[in-house]
1. Can you pull out the residues in the stretch 129-140 that are modelled with pLDDT of 95 or more and either among the acidic types (Asp, Glu) or surrounded by fewer than 19 Cβ atoms within 10 Å (Cβ to Cβ) (or both)?
2. Could you grab me the full set of residues in the stretch 106-137 that are without any contact (Cβ under 8 Å) to a residue 60 or more places away in the chain, β-branched (Val, Ile, Thr) and either touching a Lys or Arg at 6+ places or on another chain (Cβ under 7 Å) or in a helix (DSSP H, G or I) (or both)?
3. So in the stretch 196-213, with the set limited to residues that are part of a helix (DSSP H, G or I), more than 16 Å from residue 159 (Cβ to Cβ) and of a type in the set (A, V, I, L, M), which one is farthest from the chain's Cα centre (by Cα)?
4. Which condition breaks for residue 93 when tested against (1) closer than 30 Å to residue 47 by Cβ; (2) at pLDDT 95 or above?
5. In the stretch 7-89, which strands (runs of 3 or more DSSP E) lie fully inside it and hold 2 or more residues that are modelled with pLDDT of 90 or more and among the β-branched types (Val, Ile, Thr)?
6. When the stretch 135-163 is examined, which residues are found to be aliphatic (A, V, I, L, M) and in contact with a Phe, Trp or Tyr (Cβ under 7 Å, 6 or more places away or on another chain)?
7. For the stretch 167-195: of the residues being of a type in the set (A, V, I, L, M, F, W, C) and assigned to a helix (DSSP H, G or I), which is nearest to residue 75 (Cα to Cα)?
Amino acid sequence: SPWVKYQRVLEEDQGGPSTVAFRKDSTFPIVVVKSYLATDSSKVQDVFRTRHPNIVNVLDAFYEDDTTYIVYEYMTRSIAEVQATPLGKFEEFEIAAICKEVIEGLLFLHDLDIIHGSFTSSIVLLNREGNVKIANIGESVLISSPISKGIDIQALGRFILQLMEPSSILQQTSTLSLKYPEYWSITSKEFLSQVKSEALISLKNHNFLQMSPGPACLKPHVLVAERAVRPNWKI
């Protein structure tokens, strides 16, 4: 059980229902614990293969009574939460920064033949330094399903569209069409249009991503989001 080594603090959403806890040692590091119903204990060690700067990293894992507990590093806010703040509208260079980091993370997973399968703005998390990381990779490893890498690329396209026009989340369509294309540069529109037809490695080299000054540019968004009310937590 993780609760021998970790102490619960509160429940909140971190890419899904999570328990925020601290490790019982002299440094009291804050972590996030998630539980998954997974009967195949042989997969537990596989989650440690996913360490990468753009993945919410696994720190510990426990298996008990057909339940796997994964301990992750603590992150601050999700892209979905950031977009819900008064500062939530992203500039093109900020979108480029987010996309560059996310594509690096997805490329890493796909190189390991791991398909995320549930990629949305709610599972792309930020920390106070602005670092962009993909959450819930433990679930992708433990509960594998017969889906293709194309699922993640389709989800990436919807994610980018929502970064540019948040209201597009209400669209019940698979097309990546901007409602106000006149607000965006030719480079950004070209990048969006190529998401559905290009491989991730090609997108990684697209000129649009050269606009990224690095993820540190996202720090102001995290600062504002931290001060916004987060109602979905409890002791």
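1. Narrowing the stretch 129-140 to residues modelled with pLDDT of 95 or more: 129-135.
Passing the criteria: only 129.
2. Within the stretch 106-137, just 115 meets the criteria.
3. Let us first name the residues in the stretch 196-213 that are part of a helix (DSSP H, G or I), namely 200-204, 207-211.
Remaining after also requiring more than 16 Å from residue 159 (Cβ to Cβ): 201-202, 207, 210-211.
Now drop any that are not of a type in the set (A, V, I, L, M), which leaves 201, 211.
Values: 201: 19, 211: 21 Å.
Here the residue is 211.
4. It fails just one condition, (1).
5. Details: elements: 17-23, 30-37, 58-64, 67-73.
Qualifying strands (runs of 3 or more DSSP E): 17-23, 30-37, 67-73.
6. Looking only at the stretch 135-163, we keep the residues that are aliphatic (A, V, I, L, M), and these are 135, 137, 141-143, 147, 151, 153, 155-156, 160-161, 163.
Matches in the stretch 135-163: 142, 143, 155, 156, 163.
7. Quick first cut of the stretch 167-195, residues of a type in the set (A, V, I, L, M, F, W, C) only: 169-170, 176, 178, 184, 186, 191-192, 195.
Within this subset, residues satisfying the condition of being assigned to a helix (DSSP H, G or I) are 169-170, 186, 191-192, 195.
Numbers: 169: 24, 170: 27, 186: 34, 191: 28, 192: 27, 195: 27 Å.
Among those residues, the one meeting the criterion is 169.
The values are calculated or read from the model by the stated rules, or taken from the named source; none is laboratory data. Remember, predicted model here, so these are calculated numbers, not experimental data. Virtual Cβ from ideal backbone geometry, glycine too; neighbours counted across all protein chains shown.
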